[in-house]
Amino acid sequence: MGFASGAAFVGAAACAMVALGSGASAGPAAPPRSEEPAREFRFLVAVYHLPRAACDPRKTLERWLQKRSDLTLLAAAPRVTPPRPSVWLATPPIADFAPPEEHSLKYFGRGLSAAETRALPASEAVSVLAFAGPAAAALATYRRSLELGAFMAKECGGVLWDDEARLAFSPAAWAERSNGWSADGLPDVSEHIAIHMYRDGELIRMITLGMAKLGLPDVVVNQVPSSYAAMENVIRLLCQRMVEGGRPVAGRDFTLAVADVRHPDVRRWLEGVSLKNARGKAVVHLATGKHDKGDPDNPLLEVVFPGPPRGLQERQADLLAELFGGDERVLKVKSDTALREASTRARQKALRLKPRFASGQSTLDTLQVKAPFTTTSGGTEWMWVEVVRWQGSTIHGVLRNDPFEVPGLKTGSRVDVEESSIFDYILVHPDGSREGNETQPLLEQRQ
């Protein structure tokens with residue numbers, strides 16, 4: 001009896017939306033969606049005062065700009081994008097730029113104290129800093145916006161809001177975003193964007209928020225198994241390469257290589273999460289992404305995997321293995337009474353999870369079950385399957401292991417297994433905590 005063991009791959013943020021109402025004048029109209037490279041940038045940074053500003057925001061802004069010549073102060077929102085980096089201030093009624101609700105800050109707050117978490121939703125005043133200019137100046141202007149936001153929060157009091165990434169920051173957490181830039185002025189892009197993940201049908205949709213403030217498209221990947229955590233690293237690598245000057249274009253292939261990353265800390269991190277058999281380099285196929293409700297109003301660049309729909313997750317798995325490697329091992333053991341009893345207990349617990357993964361149910365938990373597959377020699381190889389739908393007594397899923405003795409299947413293959421054959425289960429929650437895998441200690445002992 002063989003058991004596939006270990007994770008096949010190595011590996012954030014969800015969505016609170018705050019929009020500037022039509023009654024406010026903080027920003028120009030949203031940029032048109034286009035496949036062409038951006039020619040401009042526009043973004044907002046807000047300071048929610050707790051509950052009101054402790055200073056005159058406009059005079060504070062003017063004072064900060066006195067010794068800086070790289071930003072032009074405008075009196076109001078311009079009709080067209082200004083020819084040089086510019087900033088203007090708006091103080092809309094709080095109803096037109098409402099703060100996030102307290103329950104959402106569990107996911108979208110960064111470094112907030114308990115007091116700030118309670119006070120933010122009750123804010124009575126907001127200062128909105130709007131930035132715009134030519135795309136070539138986006139990165140430098142964004143770095144200035146971090147400094148200006150920190151100054152405004154310090155002088156006037158409040159919590160900061162990154163409107164593109166849809167994240168709230170304590171002043172201390174916001175200040176951290178000015179750290180970690182490379183000597184040649186490049187950020188670790190993962191510290192400045194968010195990757196939202198949500199169930200879209202049976203599988204997961206991943207999309208970035210925040211690239212617009214850098215004058216770049218956001219990135220989306222569709223129909224990803226939730227156990228493919230390393231797909232976040234693909235997105236991070238692609239976004240980092242764009243920030244560093246790479247220019248992937250929809251309709252063309254683009255070579256992603258960990259070794260090409262210029263930011264030393266990001267490159268070391270990506271090398272650290274890669275396994276020994278990783279090539280660290282792969283060609284990705286790109287297309288113009290289709291917008292969904294709640295997406296950023298910014299061009300989308302989609303990572304696609306051309307081929308028949310049935311093999312989509314296999315092709316995704318191939319990309320992940322090529323870039324970051326895989327880790328597979330097989331345990332060969334003989335069944336005994338203790339192992340069968342542990343398996344029975346695990347199966348009973350897995351069956352209680354069935355309603356949450358039935359057709360039509362929505363959850364961000366990931367459920368994997370260990371199921372049997374017949375080998376070429378007539379034996380049984382037990383492998384992990386991610387559950388995408390549990391219909392009647394049949395589990396429809398995605399194979400999480402490369403078989404050793406089952407030809408025709410590979411990581412990412414769509415498979416069906418019977419619930420009565422479940423040997424064990426693993427339930428992974430969005431926060432990374434997990435339960436199950438109850439037979440693994442016995443398997444290790446018998447190996």
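Only one of the listed residues (Arg315, Arg329, Arg268, Arg241) is modelled with pLDDT under 95 and either buried (at least 22 other Cβ atoms within 10 Å of the Cβ) or out of contact with any Asp or Glu (no Cβ under 6 Å at 6 or more places or on another chain) (or both). That residue is Arg329.
Collect the residues in region 396-411 that are crowded, with 23+ Cβ neighbours inside 10 Å and part of a strand (DSSP E or B), keeping them in residue-number order. Scanning region 396-411 gives Gly397, Val398, Leu399. Criterion first (acidic (Asp, Glu), assigned by TED's automatic domain parsing to the domain that holds Ile422, touching a strand residue (DSSP E or B) at 6+ places or on another chain (Cβ under 6 Å) and farther than 28 Å from Ala287 by Cα) does Glu386 satisfy it? Criteria not met by Glu386. Looking across Leu427, Leu442, one residue alone is outside any loop (DSSP other than H, G, I, E, B), in the same structural domain as Lys370 (by TED's automatic domain parsing) and over 25 Å from Gly201 (Cα atoms). It is Leu442. Remark: Ala338 matches the filter, which requires a residue to be of a type in the set (A, V, I, L, M, F, W, C), surrounded by fewer than 16 Cβ atoms within 10 Å (Cβ to Cβ) and farther than 23 Å from Tyr198 by Cα.
Does any residue of region 260-269 turn out to be over 25 Å from Leu167 (Cα atoms) and touching a strand residue (DSSP E or B) at 6+ places or on another chain (Cβ under 9 Å)? So far as region 260-269 goes, yes, one or more of its residues are over 25 Å from Leu167 (Cα atoms) and touching a strand residue (DSSP E or B) at 6+ places or on another chain (Cβ under 9 Å).
The values are calculated or read from the model by the stated rules, or taken from the named source; none is laboratory data. Keep in mind the model is a prediction, meaning the values are calculated, not measured. All Cβ positions, glycine included, derive from the backbone under ideal geometry; neighbour counts span all protein chains shown.
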